[in-house]
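The values are calculated or read from the model by the stated rules, or taken from the named source; none is laboratory data. Please read these numbers as outputs of a predicted model, since none were measured by experiment. Cβ placement follows ideal geometry from the backbone for every residue including glycine, while neighbour counts extend to all protein chains displayed.
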Amino acid sequence: MADSTKRYIAVDLGINSGKVVLASVSGGKVSTETVREFRLSPFRIAGQNYWNIFSAYTEVMQGLSAIGARKVSVESIGIDSWGPGIVCMAKDGSILGLPRMVEDTFSELVNAKFFKRMEKRVLYDTTGVNVLDSSAALQLFALRRSGSVILEDTKHLLFIPSAMAYLLTGKRFCDLTSLSAAGLTDRTSKKISKDVLKACKAKARRFPSVVQAGSKPGKLTEEVAQATGLGRIPVVAVAGHDLASAAAAVPYAPAAASTASAGEGSAFLLVGSVSVIGVETASPIVNDQTFEMNFSNEAGLAGVNLLVKRIAGTDLLGRCLEAWRDAGRVYSPEDVDRMAREGAATVAQLDPEDPTLRSVPDAPAAITRFCSLRNMATPADDAAMVRLVCSSIAEKVGDTFVKLQSVIPFRIKTLHLVGEVSSVLCQMIADECAVPVTAGPADAAVLGNVLVQAGLTRQAIATSFTPETFTPDLSFGS
């Protein structure tokens with residue numbers, strides 16, 4: 001009997017890691033296998049943070065080659081990636097320099113000069129994107145103002161997904177989700193904003209044309225096809241921004257609602273090193289509240305608007321576990337659940353977004369210092385620290401959930417959580433938000449990537465994975 005299974009490759013690139021996944025679609029269901037997973041370590045040179053696209057390309061090629069060695073038929077490849085890192089490319093296709101990290105801060109002088117050209121509120125009203133979420137315009141302005149040789153020699157400006165696709169296909173294109181997340185599109189027309197480009201002294205012709213999700217703008221070059229053994233299969237334009245890709249795969253969510261009359265609504269929480277909470281709406285929501293609370297409106301798939309707010313520092317527990325592992329204390333997921341449940345409660349409370357707790361090499365030591373400086377009791381042991389971290393993250397999510405509810409015209413009755421999260425933390429989040437939390441699947445960005453390639457709907461996710469639901473229990477932890 002002929003094999004009816006169709007296979008797709010999803011390349012998912014984060015700031016600190018990446019993976020190449022082989023997805024199989026059969027009978028309307030999706031299953032995935034991570035063929036290659038790798039670390040990507042950003043590095044700092046002369047006070048600036050960079051992302052190593054060349055290392056990422058090498059890792060991707062090894063993943064593609066591992067799949068090619070299996071001699072199985074593959075339909076296509078899709079690439080999604082972290083936010084709007086800008087790749088400068090010369091006329092001959094050479095990459096000039098390395099992408100700057102989104103969270104890079106610019107000098108007060110650069111910021112002041114830019115916002116004289118375009119005020120923050122005007123920028124927000126134009127794009128709907130909070131400037132804290134995207135430094136794309138500031139990056140371009142800073143390069144131009146400094147007289148950068150790189151920018152002078154740049155013929156094309158690409159984002160990470162399209163740059164990686166170019167290295168594989170030799171074709172230049174862009175997708176709307178990446179352009180929107182960069183804060184360079186007009187929120188009404190969905191086209192690149194001439195006003196924003198004028199403010200950052202960039203030219204629209206340097207950006208490639210925007211293609212529709214699901215289109216096939218290029219095939220693997222002959223060189224890549226032979227090196228990987230995959231043949232000249234197409235690269236499909238998916239939701240290039242991993243947030244949009246993940247949001248598209250959130251299962252069980254009802255259709256987007258933009259008014260109270262639309263009925264019940266659902267929110268999503270995408271958990272990662274920086275987590276994102278948000279809702280789907282029919283159109284951007286831009287007003288004084290969303291501006292002051294730093295909400296962003298970013299393009300999703302199929303014309304959906306994603307009203308989102310980012311929560312930094314939610315990787316604090318993972319960084320504690322890494323530090324303990326380096327010290328010889330290894331805890332399993334079951335251990336973490338037990339510690340979060342049974343660890344001694346303290347009156348201390350952390351702010352995961354506090355700069356002293358973010359991206360520090362020794363998270364437990366940073367937590368101890370945080371408590372000591374504020375005259376709060378420090379956790380007595382690892383279990384107490386796990387409980388403190390989990391409760392603090394849940395409280396931060398709950399506070400942000402309340403803000404989200406306050407700026408939308410419909411009631412949120414379910415929170416869909418995707419990512420690798422302990423069951424106790426899921427319960428704590430349900431308690432803090434006072435709505436049921438539906439958890440799973442973990443790899444939403446990859447699944448959203450595959451859905452576009454295979455032409456499936458999110459119902460395929462609903463039938464492929466069984467979620468776990470946590471109902472609010474206000475007595476939990478008391």
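Things worth noting here:
- Hits in region 161-191 - residues which are over 30 Å from Lys19 (Cα atoms) and either of a type in the set (Asp, Glu) or in contact with a helix residue (DSSP H, G or I) (Cβ under 6 Å, 6 or more places away or on another chain) (or both): Asp186, Arg187
Results for (1) of a type outside the set (A, V, I, L, M); (2) under 26 Å from the mean Cα position of the chain (by Cα), shown as yes or no for each residue.
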position: Leu317; (1), (2): no, yes
position: Ala323; (1), (2): no, yes
position: Asp326; (1), (2): yes, no
position: Tyr331; (1), (2): yes, no
position: Glu334; (1), (2): yes, no
position: Gly343; (1), (2): yes, no
position: Val347; (1), (2): no, no
position: Leu350; (1), (2): no, yes
position: Glu353; (1), (2): yes, yes
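- Residue, surrounded by the fewest Cβ atoms within 10 Å (Cβ to Cβ), within region 87-141, restricted to residues that are modelled with pLDDT under 90 and among the β-branched types (Val, Ile, Thr): Thr105
- Every listed requirement among (1) assigned to a helix (DSSP H, G or I); (2) at pLDDT 95 or above is met by Arg232 save one, (1).
- Count - residues of region 142-160 that are under 27 Å from Gly240 (Cα atoms), among the small types (Gly, Ala, Ser) and loosely packed, with under 14 Cβ neighbours inside 10 Å: 0
- Taken as a whole, region 342-354 holds no residue that is farther than 21 Å from Met376 by Cβ and not acidic (Asp, Glu).
- Test: Phe173 is among the aromatic types (Phe, Trp, Tyr), under 26 Å from Tyr50 (Cβ atoms) and within 22 Å of the chain's Cα centre (by Cα): yes
- Residue match in region 281-293 (condition: crowded, with 18+ Cβ neighbours inside 10 Å and either closer than 25 Å to Glu420 by Cα or in contact with a Cys (Cβ under 7 Å, 6 or more places away or on another chain) (or both)): no
- Scanning region 433-447 for residues that are surrounded by fewer than 24 Cβ atoms within 10 Å (Cβ to Cβ) and at negative phi turns up Val435, Pro436, Thr438, Pro441, Ala442, Asp443.
- Residue count for region 6-17 satisfying the condition of being more than 23 Å from Gly231 (Cα to Cα) and part of a strand (DSSP E or B): 1.
- Condition met for Phe173 (out of contact with any strand residue (DSSP E or B) (no Cβ under 9 Å at 6 or more places or on another chain) and hydrophobic (A, V, I, L, M, F, W, C)): no
- With respect to the stated conditions, Lys216 is touching a strand residue (DSSP E or B) at 6+ places or on another chain (Cβ under 9 Å), in contact (Cβ under 8 Å) with a residue 24 or more places away in the chain and outside the structural domain of Val276 (by TED's automatic domain parsing).
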